[in-house]
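The values are calculated or read from the model by the stated rules, or taken from the named source; none is laboratory data. Because the structure is a prediction, the values reported are computed rather than measured. A quick note on method: Cβ atoms are made from the backbone with ideal geometry, for glycine too, and the neighbour counts reach across all protein chains shown.
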Amino acid sequence: MKPRSLLPALLALAFAAGCGDGDTTPMRPTVLTATPPPGFPAMRIPADNPFTREKAELGRYLFYDRRLSGNQTQSCGSCHRQSLAFTDGRAVSEGSTGDRTPRGAMSLVNVGYTVTLTWANATLRQLERQALVPMFGERPVELGLAGMEAAMLERLRADARYPGMFRAAFPGQAEPISLDHVTKAIATFERAILGADSPYDRSQRGESGALSASARRGMDLYFGERLECFHCHGGFNLTDAVVTAATRIEETPFHNTGLYNVDGDGAYPASNTGVHEVTQGASDMGRFRAPTLRNIALTAPYMHDGSIATLEGVIDHYAAGGRTIASGPNAGVGSASPLRSEFVRGFILDPRERADLIAFLQALTDDALVRDPRFSDPFGNEL
């Protein structure tokens with residue numbers, strides 16, 4: 001047996017095992033891998049795009065390569081910055097031409113476990129297919145490659161490093177540099193962006209002292225029936241929109257949280273109505289996917305349109321059972337929306353409980369992930 005064939009097994013052992021007797025901290029992999037973090041199930045990976053280290057590393061370069069935008073000013077990484085848990089810190093994202101999208105960039109951490117991609121489209125379920133939207137979508141303009149597929153591929157062929165990297169990632173192909181291979185490589189890299197080493201995770205693995213006393217109290221509140229947080233933000237990835245290798249029936253949950261109620265009947269602003277934009281169904285008005293709360297302290301501003309600036313503001317919204325906007329074009333009482341989720345019922349927190357809940361949410365940050373060189377920009381361009 002060649003030594004290289006042992007690599008997947010050795011990586012799995014290194015990731016799952018501790019460093020020594022009584023040490024619950026897993027060793028971090030040194031190469032890109034789809035091996036599940038401790039406590040995570042196996043990921044579903046498409047049969048026509050199996051994971052390889054070579055493909056993931058190629059995808060990392062492509063993810064950060066600005067030549068994948070029409071005017072060569074932005075990359076995928078421009079809106080998904082590692083330091084911000086692969087979000088961009090904006091209320092809504094801005095494309096390469098200055099065009100603004102209607103929604104914020106969602107975190108890509110553990111995105112390989114996400115059943116539906118983007119905020120509100122139940123039909124978009126493959127990372128390979130999703131990559132085409134920012135590349136070639138015409139409204140709004142993101143990467144701005146519409147009509148420029150051939151030019152983009154020629155840019156890659158002209159780079160000295162890419163022909164060899166594509167051949168290694170897609171061996172035996174007559175034309176290794178193709179759009180199909182570009183999207184497959186990017187999707188493979190995105191599946192490797194795995195993070196589960198927050199204080200909360202370490203506490204779940206039995207590490208004494210990983211959570212402060214305040215964060216432990218906050219965890220009890222979070223997973224309790226009084227606040228209802230865990231119904232939409234539970235499970236191993238702290239969201240209800242998950243798929244794994246063992247999933248047989250895919251559930252596609254979306255929720256109206258009472259963020260808006262502009263007409264008294266639950267309407268959201270006409271430019272951003274959620275699943276309703278796809279289905280035109282009245283009951284789908286204002287329904288959006290519940291994002292993972294992993295690394296939530298890094299991903300402000302919050303909600304699909306970035307309209308809540310802080311975690312404290314998010315707690316105020318849910319405590320009220322929906323947001324009240326007193327004046328302006330979006331004025332309305334969210335708590336009175338007939339379309340509001342049954343889990344958004346409101347609650348009361350005293351000052352200490354509020355501080356405890358914030359402490360727990362902050363304990364969901366994986367500091368190692370945002371510094372991990374495996375996920376970094378190989379061109380050194382991250383802002």
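One residue is enough: does the range 163-178 have a residue meeting the conditions outside any loop (DSSP other than H, G, I, E, B), of a type in the set (Val, Ile, Thr), farther than 20 Å from Gln74 by Cβ and in contact (Cβ under 8 Å) with a residue 24 or more places away in the chain? Can you show your working first?
Quick first cut of the range 163-178, residues outside any loop (DSSP other than H, G, I, E, B) only: 163-169.
Add one more test, that the residue is of a type in the set (Val, Ile, Thr), and what stays is none.
No, the range 163-178 has no match at all.
Pairs only if they're at least six apart or on different chains, beta carbon under 7 angstrom, first in the range 214-231 and in the same structural domain as Asp356 (by TED's automatic domain parsing), second assigned to a helix (DSSP H, G or I) and small (Gly, Ala, Ser); list them, first residue then second.
From the range 214-231, the pairs are Ser214/Ala355; Ser214/Ala359; Ala215/Ala359; Gly218/Ala359.
Would you point out the residue of the range 67-99, among those that are part of a helix (DSSP H, G or I) and polar (S, T, N, Q), that is surrounded by the most Cβ atoms within 10 Å (Cβ to Cβ)?
Applying the filter and picking the extreme gives Ser78.
Being of a type outside the set (A, V, I, L, M), in a loop (DSSP other than H, G, I, E, B), in contact with a strand residue (DSSP E or B) (Cβ under 7 Å, 6 or more places away or on another chain) and outside the structural domain of Thr188 (by TED's automatic domain parsing): is that true of Pro46 here?
no
Glu190: assigned to a helix (DSSP H, G or I), closer than 28 Å to Val31 by Cα, among the acidic types (Asp, Glu) and at pLDDT 95 or above, yes or no? Even if it seems obvious, please write down each step before you answer.
Working: assigned to a helix (DSSP H, G or I): yes; closer than 28 Å to Val31 by Cα: yes; among the acidic types (Asp, Glu): yes; at pLDDT 95 or above: yes.
Yes, satisfied.
Residues of the range 127-162 being in contact with a Pro (Cβ under 7 Å, 6 or more places away or on another chain) and either farther than 18 Å from Tyr64 by Cα or of a type in the set (A, V, I, L, M) (or both), which ones?
Leu143
Pick from Gly264, Gly258, Gly286: which is under 25 Å from Arg354 (Cβ atoms), in contact (Cβ under 8 Å) with a residue 12 or more places away in the chain and either out of contact with any strand residue (DSSP E or B) (no Cβ under 9 Å at 6 or more places or on another chain) or not assigned by TED's automatic domain parsing to the domain that holds Thr114 (or both)? Talk me through it step by step, then tell me what you get.
On the way: Gly264 fails: under 25 Å from Arg354 (Cβ atoms); Gly286 fails: under 25 Å from Arg354 (Cβ atoms).
Exactly one of Gly264, Gly258, Gly286 is under 25 Å from Arg354 (Cβ atoms), in contact (Cβ under 8 Å) with a residue 12 or more places away in the chain and either out of contact with any strand residue (DSSP E or B) (no Cβ under 9 Å at 6 or more places or on another chain) or not assigned by TED's automatic domain parsing to the domain that holds Thr114 (or both), namely Gly258.
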